Structures are given as structure tokens and as C-alpha cells.
Amino acid sequence: MAIGDRILEIRGETARENFAPQFCISRNTLVNYEKGATSPPADFLNRLLELHPEINPTWLLTGEGPKLRDDAVLEGAALPLDKDLMREIIIGLDPIFESLAKPWPGEKKAQLMLLLHDEVLKGEMEGKEVAKTALRLIKLAS
């Protein structure tokens with residue numbers, strides 16, 4: 001299931017005309033996210049998680065794990081999700097992904113963000129090293 005399918009699942013029966021304004025986007029932009037024509041940016045994903053705090057961010061970004069959060073500890077994850085850290089990572093990496101010549105699929109982006117999140121929590125890197133590490137990993141993977 002692609003991220004667009006998960007966005008559609010979260011939207012449920014709410015009309016696109018009523019859902020899109022919550023994110024300051026047009027109905028057509030929402031259609032593009034849901035159909036996978038364009039990847040949703042970090043600010044959209046952050047707002048979606050703010051409006052739906054019951055949604056497991058790992059499920060939203062990767063499709064893995066349960067759809068709903070369980071007291072902020074994700075099923076199958078070794079570390080608790082630090083929502084503020086994840087938000088910083090998403091926002092910090094968004095310009096990097098935007099600057100790439102070839103777009104990265106949402107699933108790969110999500111896996112990289114979760115990897116960086118866990119490395120910071122484990123003390124393997126400091127927050128300021130996230131962008132540099134991400135750039136190195138992106139170059140290696142490209």
C-alpha cells in the first residue's frame with residue numbers, strides 16, 4: 001500500500017473538498033497525493049499527524065506496523081517514537097529531497113527518516129549531524 005492509499009484511508013468518507021482546506025491545499029493537490037502522482041511534502045504529513053494523533057507515524061510513512069498508535073510506542077519498534085524529533089527530521093530533510101535531481105519514493109524517504117530517528121535516540125548521532133548523514137546515505141543509495 002502506497003502512502004497515497006494510506007492518506008485516502010485516513011480521509012475516509014470525508015469529501016476531498018472538506019479535507020483539503022485543513023492543509024491549505026486544493027482538492028486537486030489532494031487527489032495527486034492520493035493517486036501517487038506527487039509525494040506529499042513534510043508540512044502536509046506533519047499536519048496530518050497533528051489532526052490525527054491516533055495514527056502511527058511509522059504506518060503513515062512506510063505502511064509498516066499497526067495503523068493506530070499504542071501509547072506512542074510503536075509495535076515492532078525497538079525505540080519509542082519521539083514525535084518532536086520526527087517532526088524536526090521530516091522538516092529538515094524536506095529541502096534535501098526537494099533539491100534532488102531524481103525524486104525519491106515516499107517509502108524510501110520514510111525508511112531513511114525512521115533510521116535517522118532511531119540513530120539519534122540511541123545516541124549514535126546528534127541532531128545537527130542528521131542532514132549531513134542523510135546526504136551521505138542519499139548519495140550512496142542513488
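The values are calculated or read from the model by the stated rules, or taken from the named source; none is laboratory data. All figures in this text were calculated on a predicted structure; none of them were measured in a lab. Backbone-built Cβ (ideal geometry, glycine too); neighbour counts: all protein chains shown. With ligands, DNA and RNA removed, areas are computed over all heavy atoms of the protein, side chains included. Shrake-Rupley method; radii C 1.70, N 1.55, O 1.52, S 1.80 Å.
On a per residue basis, the chain carries 57 Å² of accessible surface, using protein heavy atoms and a 1.4 Å probe.
Ignoring any ligand, DNA or RNA, what whole percent of the accessible area of the chain comes from carbon and sulfur when the probe is 1.4 angstrom? Accessible surface attributable to carbon and sulfur in the chain totals 52 percent. For segment 108-142, the set of GluC sites (Glu not before Pro) satisfying both a DSSP loop assignment and a count of at most 15 other C-beta atoms within 10 Å is given as GLU124, GLU126.
Between segment 84-136 and segment 1-64, the C-alpha centres lie 20 angstrom from each other. A cut-off of 5 Å between modelled amide H atoms, ignoring neighbours fewer than 5 places along the same chain, links ILE55 with ARG69. Total lysine pairs in the chain at Cα distances under 24 Å, for residues eight or more apart or on different chains: 25.
Full extension of the chain between LEU100 and HIS52 yields a length gain of 14.3 nm, computed as 0.36 nm times the residue separation minus the alpha carbon distance.
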